[in-house]
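S.K.: Below you will find the structure I want to go over with you.
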Amino acid sequence: MSKPRPDPFELSELPALARLVIEKAKFPMLATLDGNQPRLRPVSPVRVDGFTVYVANLRSYHKTGEIAANPKVELCYLAPAHDQLRITGVAQPLDESEQTLIDEIWESNPLLRQYLGMSDNPELIIYRIVPHRVRFMREWALNYHEVPLPIDAA
């Protein structure tokens, strides 16, 4: 079997290509650690600012304890054309001082409103996943390209 021959691109296109994967994939997989056991599950981001991804969660979910014990996480997006994006970072829960941001996220997400009733529901946690590293792979090319992060995101 021959190695895949992905469509070529210029390195200057990396940030735009990476954002396109986020747009097309919609539901990334979130990796956490449960002790020494990796755990992976699909998530539905509630907001994306560049490569900073916000994910809603409930306090009663098992991943809440996993993230509290080790906030290092990774998101993996796979677009329909098989371009991949991996965002490695730290999950930080939004706190009361960020209620304005929580309310913005709340207002833009009807499912949150339907299931949780109010933005200050004590079960709701919104994690900001702050990227430390972003890597892009075209199709199944078998090599990743580092996507430059804005200075304030690293």
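The values are calculated or read from the model by the stated rules, or taken from the named source; none is laboratory data. Only a predicted model underlies this, so the values are computations on that prediction, with no experimental measurement involved. Every residue, glycine as well, gets a Cβ built from its backbone with ideal geometry; the counts of neighbours run over all protein chains shown.
S.K.: Please go through segment 39-90 and give me each residue that is basic (Lys, Arg) and either surrounded by 14 or more Cβ atoms within 10 Å (Cβ to Cβ) or without any contact (Cβ under 8 Å) to a residue 40 or more places away in the chain (or both), ordered by number.
M.R.: Of everything in segment 39-90, those that are basic (Lys, Arg) and either surrounded by 14 or more Cβ atoms within 10 Å (Cβ to Cβ) or without any contact (Cβ under 8 Å) to a residue 40 or more places away in the chain (or both) turn out to be ARG39, ARG41, ARG47, LYS63, LYS72, ARG86.
S.K.: Which pairs turn up if I take residues in segment 132-149 that are farther than 12 Å from LEU75 by Cα and in contact (Cβ under 8 Å) with a residue 24 or more places away in the chain and look for partners that are among the aliphatic types (A, V, I, L, M) and exposed (fewer than 15 other Cβ atoms within 10 Å of the Cβ) with beta carbon separation below 8 Å, at least 6 apart in sequence or on another chain?
M.R.: GLU139/ALA81; HIS145/LEU11
S.K.: Please work out which one of (1) closer than 25 Å to PRO148 by Cβ; (2) over 17 Å from the mean Cα position of the chain (by Cα); (3) at pLDDT 95 or above; (4) not basic (Lys, Arg) is the condition ALA91 fails and give its number.
M.R.: The one condition ALA91 does not meet is (2).
S.K.: Looking only at segment 94-106, which residues are loosely packed, with under 13 Cβ neighbours inside 10 Å and either touching a residue at least 12 places away in the same chain (Cβ under 8 Å) or outside any helix (DSSP H, G or I) (or both)?
M.R.: Result: ASP95, ASP103.
S.K.: Condition test on LEU20, is it of a type outside the set (Lys, Arg) and more than 18 Å from PRO93 (Cβ to Cβ)?
M.R.: So LEU20 fits the description; yes.
S.K.: Then there's this: Among the aliphatic types (A, V, I, L, M) and not in a strand (DSSP E or B): does that describe LEU40?
M.R.: No; evaluated as a whole, the condition is false for this residue.
S.K.: I've got another one for you. Just to be sure before I move on: is LEU75 among the aliphatic types (A, V, I, L, M), in a helix (DSSP H, G or I) and in contact with a Ser or Thr (Cβ under 9 Å, 6 or more places away or on another chain) in the structure I sent?
M.R.: Taking the combined requirement at face value, the residue does not satisfy it.
Here's the yes/no breakdown for (1) hydroxyl-bearing (Ser, Thr, Tyr); (2) touching a Leu at 6+ places or on another chain (Cβ under 6 Å); (3) closer than 19 Å to ALA31 by Cβ:
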{"site": "PRO71", "(1), (2), (3)": "no, no, yes"}
{"site": "VAL90", "(1), (2), (3)": "no, no, yes"}
{"site": "PRO110", "(1), (2), (3)": "no, no, no"}
{"site": "GLU139", "(1), (2), (3)": "no, no, no"}
{"site": "VAL147", "(1), (2), (3)": "no, yes, yes"}
